[in-house]
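Here's the structure we're looking at; comments come further down.
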């Protein structure tokens with residue numbers, strides 16, 4: 001379906017008109033009639049809690065090909081890991097038998113998604129996408145995953161179609 005210029009102009013005029021009317025009309029209330037005023041009292045600060053016993057249940061995928069990484073990617077990832085991740089995580093948490101037991105034969109996309117959405121703890125999602133990919137490549141290298149010609153990619157086809165194959 002093709003949208004004409006006149007339709008786009010009409011909708012944008014309507015939206016701009018509504019937005020400017022709402023901005024000038026002080027009687028317009030926020031959803032549910034809530035209003036934040038300078039004298040509003042705030043409640044107690046809720047501390048961020050981390051549950052070290054939480055487990056992610058992810059299916060094994062032994063029939064997928066192993067994910068490989070580029071050496072340059074792993075080198076960049078090591079720099080990011082040392083400056084960001086290593087400040088909170090002990091080396092044996094992601095390098096060695098504990099990592100292999102937890103992640104071997106699982107999709108690399110599941111690990112990438114977990115790291116991207118939860119790390120760093122004080123700023124989840126705060127790194128650049130390439131930095132997350134590079135850290136994943138470094139962890140593959142550190143856990144003796146096979147190095148290959150293709151590099152770890154944020155492409156969903158790659159992430160869903162490759163598994164972590166590590167050897168402690």
Considering residues that are loosely packed, with under 15 Cβ neighbours inside 10 Å, in contact with a helix residue (DSSP H, G or I) (Cβ under 6 Å, 6 or more places away or on another chain) and assigned to a helix (DSSP H, G or I), the number found within the stretch 99-128 is 0
Just to be sure before I move on: is residue 159 closer than 15 Å to residue 65 by Cα and touching a strand residue (DSSP E or B) at 6+ places or on another chain (Cβ under 8 Å) in the structure I sent? yes
Can you find a residue in the stretch 155-166 that is touching a helix residue (DSSP H, G or I) at 6+ places or on another chain (Cβ under 8 Å) and exposed (fewer than 13 other Cβ atoms within 10 Å of the Cβ)? yes
Which numbered condition residue 138 misses (of (1) within 17 Å of the chain's Cα centre (by Cα); (2) part of a helix (DSSP H, G or I); (3) surrounded by fewer than 20 Cβ atoms within 10 Å (Cβ to Cβ)): (3)
If you go through the stretch 63-75 one residue at a time, do you hit one that is exposed (fewer than 10 other Cβ atoms within 10 Å of the Cβ), more than 19 Å from residue 155 (Cα to Cα) and at pLDDT 65 or above? yes
In the stretch 83-98, what residues are assigned to a helix (DSSP H, G or I) and surrounded by fewer than 18 Cβ atoms within 10 Å (Cβ to Cβ)? 83, 84, 91, 92, 93, 97, 98
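The values are calculated or read from the model by the stated rules, or taken from the named source; none is laboratory data. Every value quoted in this text rests on a predicted model; they were computed, and no experiment measured them. Please note: Cβ atoms are built from the backbone with ideal geometry, for glycine as well, and neighbour counts cover all protein chains shown.
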